[in-house]
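Student: Let me give you the structure first, and then I'll get to my questions.
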């Protein structure tokens, strides 16, 4: 699960970084952002599956609430910063910041993956479930 997230984050960073090369054409931006955007849903799904696996029993609702709050705050601050950068320095600079943020996300995932409860086994070749499984009551 962690390796998949790292790959998805990498694809997200590269795809959004490619927008730097597309600033000359609205059509090119449309094509690149469509391809880059295709990585968003699987990345978010992977993150939610990891939170579900890592959260102690009975705390999933709180964990998902914190994840959603962090996502919304990050999206709001990122949009504001990117808009300001695009206005003052041009869209290529804003896209470069997005690519850099993606690279930081990959780095955090790589460095922090061993500290996630139940996720360290994956680095040693163990099998980790890939989606939430219903538990019998």
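The values are calculated or read from the model by the stated rules, or taken from the named source; none is laboratory data. Because the structure is predicted, anything quoted here is derived from the model rather than measured. Using ideal geometry, Cβ is built from the backbone for each residue, glycine included, and neighbour counts are taken over all protein chains shown.
Let's see how each residue does on (1) at pLDDT below 95; (2) crowded, with 16+ Cβ neighbours inside 10 Å; (3) in a helix (DSSP H, G or I):
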position: 11; (1), (2), (3): yes, yes, yes
position: 15; (1), (2), (3): yes, yes, yes
position: 18; (1), (2), (3): yes, yes, yes
position: 44; (1), (2), (3): yes, no, yes
position: 56; (1), (2), (3): yes, no, no
position: 78; (1), (2), (3): yes, no, yes
position: 85; (1), (2), (3): yes, yes, yes
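Student: If you go through region 58-76, how many residues are surrounded by 12 or more Cβ atoms within 10 Å (Cβ to Cβ), under 19 Å from residue 104 (Cβ atoms) and over 14 Å from the mean Cα position of the chain (by Cα)?
Tutor: Qualifying residue count, region 58-76: 0.
Student: If you don't mind, another one. Can you give me the number of residues within region 2-17 that are without any contact (Cβ under 8 Å) to a residue 40 or more places away in the chain and in contact with a helix residue (DSSP H, G or I) (Cβ under 6 Å, 6 or more places away or on another chain)?
Tutor: Selection size over region 2-17: 2.
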